[in-house]
Amino acid sequence: MRLIYFAWVRERIGKPEEDVELPAGIETVADLLRWLKSRGEEYENALQYPDVIRVAINQEHVGHREKIAGAREIALFPPMTGG
Amino acid sequence: MAGAVVPAIRVQREDFDVAAEIAALTGGRADIGAVVTFSGLCRDEAGTLSALELEHYPGMAEAEIGRIAAEAVQRWPLQGLTVIHRHGKIVPGENIVLVVAASAHRQAAFEAANFLMDYLKSRAPFWKKEHRADSSEGGWVEAKEADDEAADRWKKSDE
């Protein structure tokens, strides 16, 4: 599964994207955020406040309770500031 | 013709020409009675800002603006709709975003343009980073709660 990061999430994690193999038991977006946060200091730093992180699965916004089965691409980013 | 409006959506590095975009919507037809345009520009924050860097999510940016535009076309009787959002480094005075909404009457055009901007601000995947005029490191612009509230007011009562 491909993970993509934007803005300060990307800067803090230190890379724009990566392919990951998820361990068993990671079913929802919230599970994914919790697992990622445990992967090292840079992830801990980026995902310190998981509630503020916005998530898109296959380029559509989703909530943190969304199931991630079947996702090709999951993006994590801060609240948007376009317009 | 009802339901036939296909919004024109562009996410691009280059600048745009507001007059040319209006002409593209209205040229060769006589049924449009109202055109509302909104242009968002980069401001210099009283001389402290030298540029904004706009990061975006390629693919999703177009798709999300498309979803918002499709909803606008459903909710208001529009005869044309154009949305352009720039990315990359933009200096004060330059354009960032454009919405052009055309309709038979002004109310639909005003409301659709307003709705589009409120939703673009809180849902289109763009992020602004500041470059400061004094060369100190600028930060990421923080999302404003007021922008979320502005988008929420368009929610229908059954949502």
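How do the helices (runs of 4 or more DSSP H) wholly within chain A filter down when requiring 3 or more residues that are among the aliphatic types (A, V, I, L, M): which remain?
Correct list: A:7-13, A:29-37.
State whether one or more residues within the stretch B:120-131 are farther than 18 Å from residue B:78 by Cα and free of Cβ contacts under 8 Å to residues at least 40 places away in the same chain.
Looking through the stretch B:120-131, at least one residue is farther than 18 Å from residue B:78 by Cα and free of Cβ contacts under 8 Å to residues at least 40 places away in the same chain.
Please go through the stretch B:95-108 and pick out each residue that is over 17 Å from residue A:81 (Cα atoms) and either crowded, with 19+ Cβ neighbours inside 10 Å or not charged (D, E, K, R) (or both).
Once the filter is applied, which keeps residues that are over 17 Å from residue A:81 (Cα atoms) and either crowded, with 19+ Cβ neighbours inside 10 Å or not charged (D, E, K, R) (or both), the stretch B:95-108 yields B:100, B:101, B:102, B:103, B:104, B:105, B:107, B:108.
Can you tell me which condition residue B:42 does not meet? The list is (1) of a type in the set (A, V, I, L, M, F, W, C); (2) surrounded by fewer than 17 Cβ atoms within 10 Å (Cβ to Cβ); (3) touching a Gly at 6+ places or on another chain (Cβ under 8 Å), and all the others hold.
Among (1) of a type in the set (A, V, I, L, M, F, W, C); (2) surrounded by fewer than 17 Cβ atoms within 10 Å (Cβ to Cβ); (3) touching a Gly at 6+ places or on another chain (Cβ under 8 Å), residue B:42 violates only (2).
Give the stretch A:2-24 a look and list any residue that's open to solvent by less than 60 Å² (accessible area, probe 1.4 Å) and modelled with pLDDT under 95, or say none.
A:22, A:23
Those residues that are surrounded by fewer than 18 Cβ atoms within 10 Å (Cβ to Cβ) and polar (S, T, N, Q), I need them from the stretch B:51-94; list them, please.
Hit for the stretch B:51-94 is B:74, nothing else.
The values are calculated or read from the model by the stated rules, or taken from the named source; none is laboratory data. Computed from a prediction, not measured in an experiment: that's the story for all the values here. Methodologically, a virtual Cβ is constructed for each residue, glycine included, from the backbone with ideal geometry; neighbour enumeration extends over all protein chains shown. Side chains are part of the model used for accessible areas, which takes the heavy atoms of the whole protein and leaves out ligands, DNA and RNA. Shrake-Rupley method; radii C 1.70, N 1.55, O 1.52, S 1.80 Å.
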